[in-house]
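Please treat every number below as a calculation from the coordinates, not as lab data. If you're wondering where the values come from, they're calculated on a predicted model, not measured in any experiment. Note: ideal-geometry Cβ built from the backbone for every residue, glycine included; neighbour counts use all protein chains shown.
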Amino acid sequence: MNILDVNGLKVFHGRAQALRGVTFHAREGEIVAVLGANGAGKSTLLGTLSGIYAAKAGEVYFKGEPIIRQSPGYIVKQGLSLVPEHRQIFNDLTVQDNLLLGAFHRYIKDKGTLSEDMERVLGIFPALRGRERQTAGILSGGLQQMLAIGRGLMARPKLLMLDEPSIGLAPIVVREIMEVLSKLREDGTTIILVEQNAAAALRVADRAIVIERGQVIISGKPSELVNDERVQHAYLGRTGGHAGNVAVAFGY
Amino acid sequence: MDLYLQFLFSGLTLGSIYALIALALVTTYNITGILNMAQGEFVALGALAACTLYSAGFSLPAAFFLAVIATAVVGGLMERLVINPVRNASNITSIIITIGVSIMIRGLALLIWGTNPYSLPAFTEGGPLKVLGAAVNTQSIWVFGLLIVTVTGLFAFMEKTYWGKAVRACVINRMAAKLMGINPYILSLMAFIVSGMLGAAAGVFITPITLATYDMGFSLGLKGFVAAIIGGINNVGGAIIGGLLLGVLEIFGAGLISSGLKDAVALIVLIIVLLLRPQGIIGVVSGRKV
C-alpha cells in the first residue's frame, strides 16, 4: 500500500517555478531516496509535503487522505515529519527541550509517554545520552544532526522525511545515520531521504527517484540507477559531480 | 548627594515604565518580527479606561483589572484585524500599519476622553518614604514592583514552562517551530494580547504620578522604543536595562542641565547608540530575519 502519493505537484517561489509537476509515491516501510543536483527542487518538494510551502497545483495523499495546502501542524499530527536541511535545531535550548518540542503536537494528549519516547530516541542515538541538559547549539555537527532526527522521531512519524542529513558530516557519522535509517525502516517507519551524497543514499534505499529542474526524470531500484547515464548527468550537469562516481562507489 | 539620590529614584521610576513598554515591544518583535508602534497607545488606553471605571464607582483593583482586560482585547483585535490579514507582507508594511493603528487609537481616545487629564489615587496612602535621605513616593515602589513582577513572571514562563520554550523555539527558528506544529500565528495573537495587558498595567500604575491624557502614549511609546533600541531590539534584558538607563538619564538631564532637555535626552541617546553601537548595548549583530 502506498503511504504517500504525489501527483503533478507544482510549486512556485515567487515567479520562479521550483516544481514542474512532480509525481511519485512511497510504499509503507520503504526508504525512497530523492536525488538531484543543487537547485533541482528536492528541498522544495519536502517543504511542500510538510506544509511549509504552498503548492500551486497537484495532489498529495498521505495514508489516503489529502494533505495538500494543510498547515504544518496538521500534517505533523497526521504522522508526516520533516527533519529539515541544515538541522535547524533550537540552538539556545537544551537537548532535552529540543526533543520534547519535537512532540509538541501531542504534548497535551501524551504527556505521560514523552519520557518513554525520549528514552527510545536516546537508545537510537546513544551519543546524545548524558547530554540532555547541554545547550543544543554547542554540540558537534554530527550530534546536532542526530538531535534533529531525534526531534523528528519524537513526533512519532509514520513517514519521516530527511533533507540532506549527511551534509558536512564525517563519513563515519554518515554511516551511523544511514544505519539508524535502516533500523527505523525495520520498525515500520517509511523514510524519504533527500541526498546530495547519492552513494550513501542508494546504499540504504529500496527505491530512488532523480529530480532535475523540478521534475522526476528517473525512478527505479538503486541497482538500476547507479549505472544510469542520466543519473550521472543530473549531477555532473550542475555541480561538477561530486556524486558522479556513483557507480565507482558501488564497485559496479 | 541627597539630590542625586533623589534623581536616581525618580529616574528609576520613570525608567521602569519605559522598561515595561520596551519589554512588550521586544517580546512582540521577537515573536512576530513586527515593531508595534501602537504600544504606547495601549498604555494610554489602560490608564484612561481605569480612570473612567474608577470614577464610575469601581474599586481601584477592579478598575485596574477591567482596564487591563479591555486593553488586552484591543491588542488581540488589533492583531486579528490588521496584523494577521497582512502576515505575508514585509515587516516594514506591518510597522507602518501599527503606526496607523496608533494614530487611530489616539484619535478615538481624543473623542472619548477629550484633552483633559485624568487621575487616579495612589495605590497606598501615606507620605513618601525616606530612603537614605531621599524621598521615595510609595507609588514609585508600586511601579518598580510591577516591573519586577513582570520580569520575573516572563522569565519563569520562558525558562521553566513547556509553552514558554515553544515560544522561544519559534523565536530561535520559526520554520523548524512550524514543523513541530507550533503555530506562529497563535503566538503572534498572544504577543499582542500580552502587550495590551503589559501596556495597560504600566499605564494604570503610572497614572497616580503623571496623570493620564489621551496623548500620553505617543511620548511613552517613543521612549519605550528608544529603550528597546538601546538594549538591542531583540534582547529582553537589554530592554530592561535600556529603559532604566533612559529614565535615569532623562531625570539627571532635566535636573542638572535644564528641564526643557528631558525629552531631547531620549533622542540624543538614541542617536549616540545608533552611531556607536547600532546593535544595542547588549544586543548582538544578527542577520536573522524573523
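Close Lys pairs in chain A, defined as Cα atoms under 16 Å apart and 8 or more places apart or on different chains, number 8. Take each residue in A:97-106, count the other chain C-beta atoms within 10 Å of its C-beta, and the mean is 5.
Label separation (B:L256 vs A:K111): 5.3 nm, computed from points 7 Å beyond Cα along the C-beta direction.
Dipole orientation for the range B:1-154: of the candidates B:T32, B:F7, B:P117, B:T32 has the Cα lying most toward the positive pole (charges on Cβ; Lys, Arg +1; Asp, Glu -1).
Applying 0.36 nm per residue to the separation of B:A56 and B:V86 and subtracting their alpha-carbon distance, the gain on full extension is 7.0 nm. Taking a sphere under 14 Å around the Cβ of B:A156 and counting the other residues whose Cβ falls inside, with K and R at +1 and D and E at -1, yields a net charge of +2. Modelled spin labels at B:I96 and A:R15, positioned 7 Å past Cα toward Cβ, are 2.2 nm from each other. Computed extension gain for B:I281 through B:D2, at 0.36 nm per residue and net of the alpha carbon distance, reaches 97.5 nm. Our estimate of slack between B:E159 and B:S219, defined as 0.36 nm per intervening residue step minus the Cα-Cα distance, is 18.4 nm. First measure r as the distance between the Cβ atoms of B:I268 and A:R175, then evaluate 1/(1 + (r/R0)^6) with R0 = 41 Å and state the FRET efficiency to the nearest 0.05. That pair, B:I268 with A:R175, gives E of 0.10. Charging the Cβ of each Asp and Glu at -1 and of each Lys and Arg at +1, and nothing else, the dipole of chain A about its Cα centre rounds to 500 debye.
Provide, as a two-decimal number, the C-alpha radius of gyration of the protein assembly as shown over 2.2 N^0.38 Å, N being how many residues it has. Taking the Cα Rg and dividing by 2.2 N^0.38 Å, one obtains 1.17. Modelled spin-label separation between B:T138 and A:I217, with each label point placed 7 Å from Cα along the Cα-to-Cβ direction: 8.1 nm. Computed about its Cα centre, the charge dipole of the protein assembly as shown is approximately 600 debye, with only Lys, Arg, Asp and Glu carrying charge at their Cβ. In the protein assembly as shown, the DSSP beta bridges split such that about 60 percent are antiparallel, to the nearest 5. Rounded to the nearest 500, the 222 nm mean residue ellipticity of chain A from helices alone is -10500 deg cm²/dmol, with -39,500 (n - 2.57) taken per DSSP H run of at least 4 residues.
For every other residue with a beta carbon closer than 11 angstrom to the beta carbon of A:S71, add +1 if it is Lys or Arg and -1 if Asp or Glu, then tell me the sum. Result for the neighbourhood of A:S71: +3. Three principal axis extents describe the C-alpha atoms of chain B; from largest down they are 57, 47, 36 Å. Angle of helix B:138-160 to the longest C-alpha principal axis of chain B, folded into 0 to 90 degrees and rounded to 10: 20°. Our summary gives the range B:19-216 a relative contact order of 45 percent, counting only alpha carbon pairs under 8 angstrom and 6 or more residues apart. Dividing the summed -39500 (n - 2.57) terms of all DSSP H runs of n ≥ 4 by the residue count of chain B sets its mean residue ellipticity at 222 nm at -24000 deg cm²/dmol. Rounded to the nearest 0.05, the FRET efficiency derived from the C-beta distance between B:I112 and A:R230 at R0 = 60 Å is 0.25.
Estimated from the Cβ-Cβ distance and a Förster radius of 56 angstrom, the FRET efficiency linking A:H86 and B:M104 is about 0.85.
Charges were assigned to the Cβ only: +1 to each Lys and Arg, -1 to each Asp and Glu. The resulting dipole of chain B about its Cα centre is roughly 920 debye.
Across peptide B:158-169, the mean count of Cβ atoms from other chains lying within 10 Å of each residue's own Cβ comes to 3.
Considering only the other residues whose Cβ falls under 14 Å of the Cβ of A:A208, what net charge follows from Lys and Arg at +1 and Asp and Glu at -1? Value of the local net charge: 0.
If you find the alpha carbon centre of the range B:34-66 and of the range A:19-41, how far apart are they in angstrom? So the two Cα centres are separated by 56 Å.
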